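Everything below concerns the one structure shown next.
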Amino acid sequence: MNALRDFFVKKYGFDIELVRTLVVKYPFILSKTTEQLEQVFTTLEANGVPKSEAIKLIFDCPKLLSVNLEASMKETFNVFDLYHKITPEEVMGVFRAFPYLFCCDTIKMRFFMGQFRKYRLSKDQILHLVSISNITLLV
């Protein structure tokens, strides 16, 4: 718990209550090293997500701390590009609305992308659809 406090409160200035809530919501966070936590923040920041927004996304989807985020993002970017030429920046917009995106099974993701293609939805229609709904069917 001290490592989490040092990381979130001392290093990034977040409230200790946020740390407590994260631990209650996602006890596995106690097994994470500061290097693992830092890697998640670094990866998100490298893709245009500032630390203040990253903590909100992690709070909404703590499982982000347990996936190989960099590999998952790369694979998700490839699927969206392959099926509908959706750029990584546009995928990040979807991620901001649906933080669980990079935790989803890519087989299910490919199925959905194929369905969007089957029904001839345009890129704009797909982006609109996934931004107004949390695509809970992917879960």
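Remark: pairs (first residue in region 85-99, within 16 Å of K123 (Cα to Cα); second residue hydroxyl-bearing (S, T, Y) and at pLDDT below 95; Cβ separation under 8 Å; 6+ apart in sequence or on different chains) = G93/S131; V94/S131. Screening region 28-62 for residues that are closer than 18 Å to K11 by Cα and not in a helix (DSSP H, G or I) and picking the one that is farthest from the chain's Cα centre (by Cα) gives T33.
Being surrounded by 13 or more Cβ atoms within 10 Å (Cβ to Cβ) and small (G, A, S) is the requirement here; does S72 meet it? For S72, the condition - surrounded by 13 or more Cβ atoms within 10 Å (Cβ to Cβ) and small (G, A, S) - is met.
Would you confirm, using the coordinates I've provided, whether K118 is of a type outside the set (S, T, Y) and surrounded by 15 or more Cβ atoms within 10 Å (Cβ to Cβ)?
Values: of a type outside the set (S, T, Y): yes; surrounded by 15 or more Cβ atoms within 10 Å (Cβ to Cβ): no.
For K118, the condition - of a type outside the set (S, T, Y) and surrounded by 15 or more Cβ atoms within 10 Å (Cβ to Cβ) - is not met.
Would you say F111 is buried (at least 18 other Cβ atoms within 10 Å of the Cβ) and either acidic (D, E) or in a helix (DSSP H, G or I) (or both)? No; evaluated as a whole, the condition is false for this residue. Inclusion of K51 among residues that are at positive phi, charged (D, E, K, R), surrounded by fewer than 17 Cβ atoms within 10 Å (Cβ to Cβ) and without any contact (Cβ under 8 Å) to a residue 40 or more places away in the chain is not warranted.
Just so you know, in region 63-103 the residues that are among the hydroxyl-bearing types (S, T, Y) and assigned to a helix (DSSP H, G or I) include one that is nearest to the chain's Cα centre (by Cα), and it is Y100.
The values are calculated or read from the model by the stated rules, or taken from the named source; none is laboratory data. All of these numbers come straight from a predicted model, not from anything done at the bench. Here the Cβ is made from the backbone with ideal geometry for all residues, glycine too, and neighbour counts use every protein chain on show.
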